[in-house]
Amino acid sequence: MPMSRISIGNPSELGQADALKAALAEFISMLIFVFAGEGSGMAYNKLTNNGAATPAGVVAASLSHAFALFVAVSVGANISGGHVNPAVTFGAFIGGHITLLRGILYWIAQLLGSVVACLLLKFATGGLETSAFSLSSGVGAANALVFEIVMTFGLVYTVYATAVDPKKGNLGIIAPIAIGFIVGANILAGGAFDGASMNPAVSFGPAVVSGTWANHWVYWAGPLIGSAIAAVVYEIFFITPSSYEQLPVTDY
């Protein structure tokens, strides 16, 4: 069972060079991802004079996030595993692939990366608003929660299948591509309803900079629940005890 492999970790690892380098890699990857993803939305709003959302806007958001996440995961993969998402880190923790203490270090780096990216965007655009994630008209918190759970389940399941599973073999860049694709596809599905975050850090940065916290809890609860379900399902049904191994940072 995956829960039996959960590890708190040793406080000394927080000061180790490899852990600090991994946290820095997560910070940089998150900054790259949020700057491109949130920035594309700000550019679209500028071009349309903050007009109403359109199908073209959703497609643009899907493509920008898919491309940026592919790059962000790729550049961090050999250093931190390229989580670029507190929900992915949480899923790895549930499966016993990262200690709690290193996971907290990753979370701090990811959240800071998102906030810094949004601050840079606000300055670079001359003070344009970094729009926080919000629910569309007619969409309740419960609806959005289900969206976030299901979409993040798909994301973390994809991460497990392509990056965590010891049987994955040498997939090369397939994992970052698949991860980028599932995020882009989920934005096409859920973007018009709740923004399709799937990533608490991506929601956190714009909320901090804009000061908008309405229904923010949805963008934490949904991804973390979906991540935990995906980790437990994949660990129980597809990673057998004989195939389990503690993955080194270079693999994840």
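The values are calculated or read from the model by the stated rules, or taken from the named source; none is laboratory data. Please read all numbers here as calculations on a predicted model, not as lab measurements. All Cβ positions, glycine included, derive from the backbone under ideal geometry; neighbour counts span all protein chains shown. Ligands, DNA and RNA are stripped out before the accessible areas are found, and what is left, the full protein with its side chains, is counted by its heavy atoms. Shrake-Rupley method; radii C 1.70, N 1.55, O 1.52, S 1.80 Å.
Quick one: how many residues across segment 95-120 are at positive phi and part of a helix (DSSP H, G or I)? The number of residues fulfilling the criteria is 0.
May I ask you to verify whether F123 is of a type in the set (F, W, Y), free of Cβ contacts under 8 Å to residues at least 12 places away in the same chain and either farther than 18 Å from H216 by Cβ or part of a helix (DSSP H, G or I) (or both)? For F123, the condition - of a type in the set (F, W, Y), free of Cβ contacts under 8 Å to residues at least 12 places away in the same chain and either farther than 18 Å from H216 by Cβ or part of a helix (DSSP H, G or I) (or both) - is met.
The residues listed here are W213, W220; of these, the one that is open to solvent by 50 Å² or more (accessible area, probe 1.4 Å), within 23 Å of G81 (Cα to Cα), in contact with a helix residue (DSSP H, G or I) (Cβ under 8 Å, 6 or more places away or on another chain) and modelled with pLDDT of 95 or more is W220.
Restricting attention to segment 37-56, and to residues there that are part of a helix (DSSP H, G or I) and open to solvent by less than 40 Å² (accessible area, probe 1.4 Å), which single residue is nearest to V84 (Cα to Cα)?
That would be G37.
With respect to (1) at pLDDT below 95; (2) assigned to a helix (DSSP H, G or I); (3) not acidic (D, E), the lone exception for T152 is condition (1). Restricting A92, A77 to those that are open to solvent by less than 10 Å² (accessible area, probe 1.4 Å), more than 28 Å from Y44 (Cα to Cα) and of a type in the set (A, V, I, L, M) reduces the list to A92.
The set of residues in segment 81-109 being under 16 Å from the mean Cα position of the chain (by Cα) and polar (S, T, N, Q) consists of N85, T89.
Looking at A201, A228, which one is under 19 Å from G37 (Cα atoms) and either out of contact with any His (no Cβ under 6 Å at 6 or more places or on another chain) or modelled with pLDDT of 95 or more (or both)?
On the way: A228 fails: under 19 Å from G37 (Cα atoms).
The conditions single out A201.
Applying the set (1) of a type outside the set (A, V, I, L, M, F, W, C); (2) closer than 24 Å to V73 by Cβ; (3) surrounded by fewer than 24 Cβ atoms within 10 Å (Cβ to Cβ); (4) under 19 Å from the mean Cα position of the chain (by Cα) to K167 leaves exactly one unmet item: (4).
Among the conditions (1) modelled with pLDDT of 95 or more; (2) assigned to a helix (DSSP H, G or I); (3) surrounded by fewer than 24 Cβ atoms within 10 Å (Cβ to Cβ), the only one that A144 does not satisfy is (3). Does at least one position in segment 171-179 carry a residue that is surrounded by 24 or more Cβ atoms within 10 Å (Cβ to Cβ) and modelled with pLDDT of 95 or more? Checked segment 171-179: at least one residue is surrounded by 24 or more Cβ atoms within 10 Å (Cβ to Cβ) and modelled with pLDDT of 95 or more. Here T162 fulfils each of the conditions (1) of a type in the set (S, T, N, Q); (2) surrounded by fewer than 16 Cβ atoms within 10 Å (Cβ to Cβ); (3) without any contact (Cβ under 8 Å) to a residue 24 or more places away in the chain apart from (2). Checked across segment 185-208, the condition of being in contact with a helix residue (DSSP H, G or I) (Cβ under 7 Å, 6 or more places away or on another chain), exposed (fewer than 15 other Cβ atoms within 10 Å of the Cβ) and in a loop (DSSP other than H, G, I, E, B) holds for no residue.
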